[in-house]
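Below is one structure, written out as structure tokens; comments come after it.
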């Protein structure tokens, strides 16, 4: 691994983290709202576990054992897990979202031994190679991933994604169609109704947009803050591990199919591994870049055959007619369980979408 990676976090970083956690200062809460945040007893239990029992070095060594590679000749350096299967195996590119990292796919990777799995750490996110300026828009990320695939000798792949990764995947398929044999997505980007909303919506599509607007009003404050004041927010979250944990773990609880109980989807060590990856990398501020960039999706309907797998506790699921405005939808499946982090929560169901996209792509993703 090249220098400036997360692998090999110095003891002073962990000592500082433990010291900050020991000096956590609870403050009075507003006490208003239907769901005012991570409940205080749950937060205290999480922080106590982080300070007294969680061992980052164990997790870091485990993560370092993945087959990491980094580009050498691209304009934007890209670091990625590249688990190569023998022979002329098809390639599957897995694109994560926020507030996670490549760790979103840890439960899926063991199920993909027969394909070459490429899991880029998106620029500005944990485990990523440092880039000039800190973070990138999703369009710039897509271009960077395209350059990386070319450098690694990959000329055709199935691309599977969720959340921010869906925006990257869409841009990748639109701007570099020669690289994308098929898509597997878990959501249609909300930007399609938040910006440049199409005209002539059906009643079903209008109900979806209204539902999305209600969700944004009730739950989307994080997105508005990350898009309009990313640097101010980054100061608080980057300086306070308690604040960072509260910000991220609230989303793990609210967005997953766990009925408000974190440990129904993650054990404490797993959840804290996701949070600590942001803390030791200092990546929380740069991870806001896709929200702040505000780029338009100025391309025609994506032509790659696209499989959608929808999970009931995801944020705002679009109906198929809305998705078909932007993608050539080849298959559509709605599952009974699962949420926003479907690759983690329901890996076998998520895998179905990958396998279906591989079928549509043909032999070796051709």
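Please report the relative contact order for the stretch 88-154, taking Cα pairs under 8 Å with a sequence separation of at least 6, and give it as a percent rounded to a whole number.
On the way: 61 pairs, mean separation 18.8, N = 67.
In percent, rounded to a whole number, it is 28.
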Rough spin-label spacing in nm, given labels placed 7 Å along Cα→Cβ, for residue 89 and residue 75
3.2
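Sum -39500 (n - 2.57) across every DSSP H segment of at least 4 residues in the chain, then divide by the residue count to get the 222 nm mean residue ellipticity, nearest 500. Present the calculation step by step, with values, prior to reporting the outcome.
Working: 15 runs with 157 residues, N = 366.
Using -39500 (n - 2.57) per qualifying helix, the result is -13000 deg cm²/dmol.
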Grab the eigenvalues of the alpha-carbon gyration tensor for the chain, scale each by 5, take roots, and send me the semi-axes largest first in whole angstrom.
31, 26, 19
Likely footprinting exposure, 287, 256, fewest C-beta neighbours within 10 Å first
256, 287
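May I ask you to derive the relative contact order of the chain, considering only C-alpha pairs under 8 Å and at least 6 residues apart, and to give it as an integer percent? Each step should come with its number before you reach the end.
On the way: 605 pairs, mean separation 76.2, N = 366.
This gives 21 percent for the chain.
Using a 10 Å cut-off around each Cβ, can you sort 55, 314 from fewest to most neighbouring Cβ atoms? Don't skip to the answer; put the middle values down first.
Numbers: 55 11, 314 21.
Arranged by neighbour count, lowest to highest, 55, 314 become 55, 314.
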How much length would be gained if the chain were fully extended between residue 217 and residue 45, taking 0.36 nm per residue of separation minus their Cα-Cα distance, in nm to one decimal?
58.9 nm
Approximate spin-label separation residue 301-residue 332, in nm, with each point projected 7 Å along Cα-to-Cβ
1.3
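With a 10 Å Cβ neighbour count serving as the proxy for reagent exposure, in which order, fewest first, do 208, 222 appear?
Details: 208 20, 222 17.
Ranked by crowding around the Cβ, least crowded first: 222, 208.
Quick one: if you take sqrt(5λ) for each eigenvalue of the C-alpha gyration tensor of the stretch 10-119, what semi-axes come out, biggest first, whole angstrom? Please list the in-between numbers first.
Details: eigenvalues 272, 70, 41 Å².
After diagonalising the Cα gyration tensor, the semi-axes are 37, 19, 14 Å.
Where a number appears in this text, it was derived from the coordinates with a stated rule and is not lab data. Predicted, not measured: the structure shown is a model, and the values here were computed from it. Using ideal geometry, Cβ is built from the backbone for each residue, glycine included, and neighbour counts are taken over all protein chains shown.
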